[in-house]
2 protein chains.
Amino acid sequence: MTPVELVSTERDQNLKTVMALMGAQARAAAAALARTPTKKKDAGLLCAAMVIRANAGDILEANAKDLAGARAKGLSGALIDRLTLDDARVEAMAKGLEEVAALPDPVGTTMAEWDRPNGLHIERRRTPLGTIGIIYESRPNVTADAAALCLKAGNAAILRGGTEAMHSNRAIFEALTEGFTAANLPDHAVQLVATTDRAAVGEMLTGLNGAIDVIVPRGGKSLVERVQSDARVPVFAHLEGVCHVYVDAAADLDMAIGIAVNAKLRRTGVCGAAETLLVDEACAATHLAPLVAALIDAGCEVRGDQATRTADARVTAASEIDWSTEYLDAIIAVRVVKGVEGAMQHINTYGSHHTEAIITADQKAADTFLNGLDSAILLHNASTQFADGGEFGMGGEIGIATGKFHARGPVGVEQLTSFKYVVRGSGQIRP
Amino acid sequence: MTPVELVSTERDQNLKTVMALMGAQARAAAAALARTPTKKKDAGLLCAAMVIRANAGDILEANAKDLAGARAKGLSGALIDRLTLDDARVEAMAKGLEEVAALPDPVGTTMAEWDRPNGLHIERRRTPLGTIGIIYESRPNVTADAAALCLKAGNAAILRGGTEAMHSNRAIFEALTEGFTAANLPDHAVQLVATTDRAAVGEMLTGLNGAIDVIVPRGGKSLVERVQSDARVPVFAHLEGVCHVYVDAAADLDMAIGIAVNAKLRRTGVCGAAETLLVDEACAATHLAPLVAALIDAGCEVRGDQATRTADARVTAASEIDWSTEYLDAIIAVRVVKGVEGAMQHINTYGSHHTEAIITADQKAADTFLNGLDSAILLHNASTQFADGGEFGMGGEIGIATGKFHARGPVGVEQLTSFKYVVRGSGQIRP
């Protein structure tokens, strides 16, 4: 198996033909994967991990080509960081494959079963989703991570990574394929769209004539918005993470400082990073200044409302747009609100329904917050940075869904499945 | 509350404005409904049932206007049957509301919970989906059924019924609204798009600026296909039910005849009606002729392959198109296949992944069929006509989903929910 190439000069027609072929191959692979035993899937993942380690040199060489191209194009430092592989990152990919192999296989498990008065026994049983199309940007490790999660859940995968990572993705894909083939997995379990033609994304979004069951966009806002607006198949929606930490009047100050600093600064580039700190007016006199000072001392820029600027002269003025901005950087917006209801009102107005935390020793205030807000993840006395499939015990994730359909929050192997009903009778007919 | 009317001559702009307003009202209602206690929702349903009974005369009078219009337009007998209300059908609507009131409320229930090594307690808790847009055709009872299921699951509903049923739908909607208002439910919990302008459907499919979370199309193939191709929000896909009954070599003949006749003829217009009968060649000599005779004697037209025509001279020739046709009528296609593998191959080639049954006393053949096929519902020794939310014990359904995303099979109140994660800690920060 080699990545699909486009050789014809009749580009558009050829692209459609090639993509349709990939769709048909994925559909055949998905049918075979749905019946592939756990041991064989796990063997494929372990073999792939071995090949990734053995091919580390080739992968880093390919990555060097991508990096040279990215530098020649003058791409940003943040993008080059995401694109860069090194020994540790290659080892992390291999280890990730082994971790997915160690996860329980969701396929075939009974989700629920019950008997009907007429003697029918009904079972809801997990099945693979089918074929998953993944459209991603510069991180080459997604090639291995996404392929592994899809395979474990019995799905075929069609991967379309960023143009700037094409050499790296191809080298990783070749290692995966070598490993999967060694374990006798079905052909085309994973396919890589190895063209830089952006029209390939458009073809994937049409669903390839029914061959793609779901699209997972992994990348920045513009990619996700394009996918959500153009896709003709279901999408694991992942919009922004405008996440909030609300410090209630009954919050322990040390705990609040620890969580606020961690939620904002542990990693600023993840979607679960806090972007806005809300402080109850009832504790502003005691809590606001120390919270702001701790953030500034830790290297964070603070943009605040009038009360926050009064509490610390280093705070700059927040504008309306700050309340709904996902900085993904060491910047935080801070505002004083009227208790838990005021916090909820702010979050409902400006938030993105991703992840919000309340810090309080008041159980009633916590329950109001946890019950009343409709975000994918709501935390009490814990950092928003726990918004992660691994931290939830799901063993890796393909993304965090902010939509309410099918999956919400971390999307792990279980969320990459569907189900069917198996009904056993003894000759029942319906009256 | 009255149904939304369009009065301006500047139609398109006005339509957009009115629909956007409905979306905003639905969003506000959904937020309130998410917090509405079970008792209040159930009281609304019981009040609405009372008003439907009290207003039966008005509803039938409105229905008579629709029927007169339909006859004047020369609409088909089948359509007029679906459109027609009588005392029994009005009573069935009222009873349906009471049955939904008696169902357990899924909202707020814990779907799963677990502890993490760091002490975090994670709970996955059911929440409403938000606002559900329902686009349906001639059956006026959908107005009451769909509104009830949406309300029970804490969702706001925007209903758009068929033009030919507009007077009936409006009368039913007014009764529902009167009942919901009497129980002090939030305003605009249910809204009816009371324009015959088809552009209203297009507006709903855009999602009304994020206000509609999911679209449920209920109707014929062309409606469902239009919705699936044009919708910018998730859709509960419901395509055709090309359902199969496979009679295996080890089938008891009497059971096979009973199930085949019931699966095809109990009601031919439902999506779970069998459309194709597959008979194992190993029992064709003994089973084929009696099966075909029983179907023909019960008033069914049989179209068959060569073997079936040889078995009974009354059988006409099936063409390739018959194998993938959803007749929704007293017609069945019959074919002899090579055992369970042959049956599965036929079903994978021509089926629609809706509902299939195997009749056999051979447990191994049954398991091969139940494990190997990927349809929403697979039955062993039972009629395909059990493909129904009520028969599954779900207490009513808004449709049968054939997609693999979110819900599959009967869509009842539980399937009209989403979930959120509630995480409780004691100051945890992420290392």
Could you grab me the full set of residues in the range A:113-145 that are in contact (Cβ under 8 Å) with a residue 12 or more places away in the chain, assigned to a strand (DSSP E or B), more than 10 Å from chain B (Cβ to nearest Cβ) and surrounded by fewer than 23 Cβ atoms within 10 Å (Cβ to Cβ)?
A:ARG126
Just checking, which of A:ASP329, A:ASP367, A:ASP362, A:ASP322 is closer than 20 Å to A:ARG267 by Cβ and of a type outside the set (Ser, Thr, Tyr)?
A:ASP329
Turns out the helices (runs of 4 or more DSSP H) fully within the range A:195-296 with at least 1 residues that are of a type in the set (Lys, Arg) and modelled with pLDDT under 95 are A:221-230
Does B:GLY351 fit the bill of being over 30 Å from B:GLY161 (Cβ atoms) and within 19 Å of the chain's Cα centre (by Cα)?
yes
Selection from the range B:147-172 of residues part of a helix (DSSP H, G or I) and buried (at least 24 other Cβ atoms within 10 Å of the Cβ) yields B:ALA147, B:ALA148, B:LEU149, B:CYS150, B:LEU151, B:LYS152, B:ALA165, B:SER168, B:ASN169, B:ALA171, B:ILE172
Residues (among the hydroxyl-bearing types (Ser, Thr, Tyr) and either part of a helix (DSSP H, G or I) or outside the structural domain of B:LEU151 (by TED's automatic domain parsing) (or both)) located in the range B:32-56
B:THR38
Mind listing just one residue for me: the one in the range A:244-259 that is crowded, with 22+ Cβ neighbours inside 10 Å and within 13 Å of chain B (Cβ to nearest Cβ) and, of those, farthest from A:ALA365 (Cα to Cα)?
A:ILE259
Kindly provide the set of residues from the range B:173-182 that are hydroxyl-bearing (Ser, Thr, Tyr) and buried (at least 23 other Cβ atoms within 10 Å of the Cβ), ordered by number.
B:THR177
Mind checking whether some residue in the range A:176-190 is touching a strand residue (DSSP E or B) at 6+ places or on another chain (Cβ under 6 Å), part of a strand (DSSP E or B) and away from chain B (no Cβ under 14 Å)?
yes
Mind listing just one residue for me: the one in the range A:71-89 that is in contact with a Leu (Cβ under 8 Å, 6 or more places away or on another chain) and assigned to a helix (DSSP H, G or I) and, of those, surrounded by the most Cβ atoms within 10 Å (Cβ to Cβ)?
A:LEU83
Considering residues of the range B:198-235 that are crowded, with 18+ Cβ neighbours inside 10 Å, of a type in the set (Gly, Ala, Ser) and more than 19 Å from the chain's Cα centre (by Cα) only, the residue farthest from the other protein chains (Cβ to nearest Cβ)
B:ALA200
So, in the range A:372-403, how many residues would count as being assigned by TED's automatic domain parsing to the domain that holds A:ILE257 and over 16 Å from B:ILE122 (Cβ atoms)?
3
Just one of the numbered conditions (1) touching a residue at least 24 places away in the same chain (Cβ under 8 Å); (2) under 26 Å from A:GLU174 (Cα atoms); (3) in contact with a helix residue (DSSP H, G or I) (Cβ under 8 Å, 6 or more places away or on another chain) is not true of A:ARG82; which one?
(3)
Over the range A:305-327, the set of residues surrounded by 18 or more Cβ atoms within 10 Å (Cβ to Cβ) and within 16 Å of A:VAL245 (Cβ to Cβ) is A:ASP305, A:THR308, A:ALA318, A:ASP322, A:TRP323, A:THR325, A:TYR327
Those strands (runs of 3 or more DSSP E) completely within the range A:323-413 that have 3 or more residues that are more than 8 Å from chain B (Cβ to nearest Cβ) and either without any contact (Cβ under 8 Å) to a residue 60 or more places away in the chain or among the charged types (D, E, K, R) (or both) are A:331-337
Evaluate the range B:35-51: report whether one residue or more is in contact with a helix residue (DSSP H, G or I) (Cβ under 7 Å, 6 or more places away or on another chain), of a type in the set (A, V, I, L, M), crowded, with 16+ Cβ neighbours inside 10 Å and over 24 Å from B:ALA156 (Cβ atoms).
no
Give the residues of the range B:414-430 that are facing chain A (nearest Cβ under 7 Å) and either crowded, with 23+ Cβ neighbours inside 10 Å or not in a loop (DSSP other than H, G, I, E, B) (or both), sorted by residue number.
B:SER418, B:PHE419, B:LYS420, B:TYR421, B:VAL422, B:VAL423, B:ARG424, B:GLY425, B:SER426, B:GLY427, B:GLN428
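The values are calculated or read from the model by the stated rules, or taken from the named source; none is laboratory data. As the structure is a computational prediction, the values presented were derived from the model and not from experiment. No Cβ is skipped: glycine too gets one built from the backbone with ideal geometry, and neighbour counts run over all protein chains shown.
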